1. If I ignore ligands, DNA and RNA and count only protein heavy atoms, how much of ASP86 is accessible to a 1.4 Å probe, in Å² to the nearest 10?
2. State the percent of C-alpha pairs, over all pairs in region 57-132, separated by a distance greater than 17 angstrom.
3. Just to verify a number: FRET efficiency for ARG130 and ASP86, C-beta to C-beta distance, R0 = 22 Å, to 0.05?
4. In nm, what is the difference between 0.36 nm times the number of residues separating GLU59 and ALA102 and their Cα-Cα distance?
5. Between SER73 and THR24, what is the label-to-label distance in nm when each label sits 7 Å out along the Cα-to-Cβ direction?
Amino acid sequence: MSRKGPRGLTPEEQSLWNKVKERTAPLHPDRPRSGKLPILQSRPPKYEPAPIPAFRIGEKLTDTAQPHRLQPSLSENLAAQPLRMDRKDHTRLRRGKMKPEARIDLHGMTLADAHPALNRFVADSFAKGRRL
């Protein structure tokens, strides 16, 4: 059995609904009261390239070099990361009340050698359920 559409309100239901509408204050009186929502048309901003300055053969070029945008180094990146340990455990570890579950020695390694070794160590420790 298929539905043919909304059945509409009976006169009794309509009068009851009108009473409810009269006693109710709208939440947002400044909004339009039509049942349809306004359609927002958002268009992406048009890309307009910067104009190219006029240039003649033999003319000197003014300094238009853009500054280099280098990625931060690994040590800067790590230093900027927040500490991912709760305060209580960090304080206990720092004061020597807790002992680390594993250690890694990176002395004598270059950054290129130490980084994969550290990643491997962290992944293995995580797999073994170590937190410290």
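1. Its heavy atoms expose roughly 70 Å² to the probe.
2. Summing the P(r) of region 57-132 above 17 Å gives 68 percent of all pairs.
3. So the FRET efficiency works out to roughly 0.90.
4. 8.9 nm
5. It is 6.5 nm.
The values are calculated or read from the model by the stated rules, or taken from the named source; none is laboratory data. Treat the numbers as computed from the prediction; the structure is a model and nothing was measured. Neighbour counts are summed over all protein chains in view; Cβ atoms, including those assigned to glycine, are modelled from backbone coordinates with ideal geometry. To get the accessible areas, we keep the full protein, side chains included, count just its heavy atoms, and leave off ligands, DNA and RNA. Shrake-Rupley method; radii C 1.70, N 1.55, O 1.52, S 1.80 Å.
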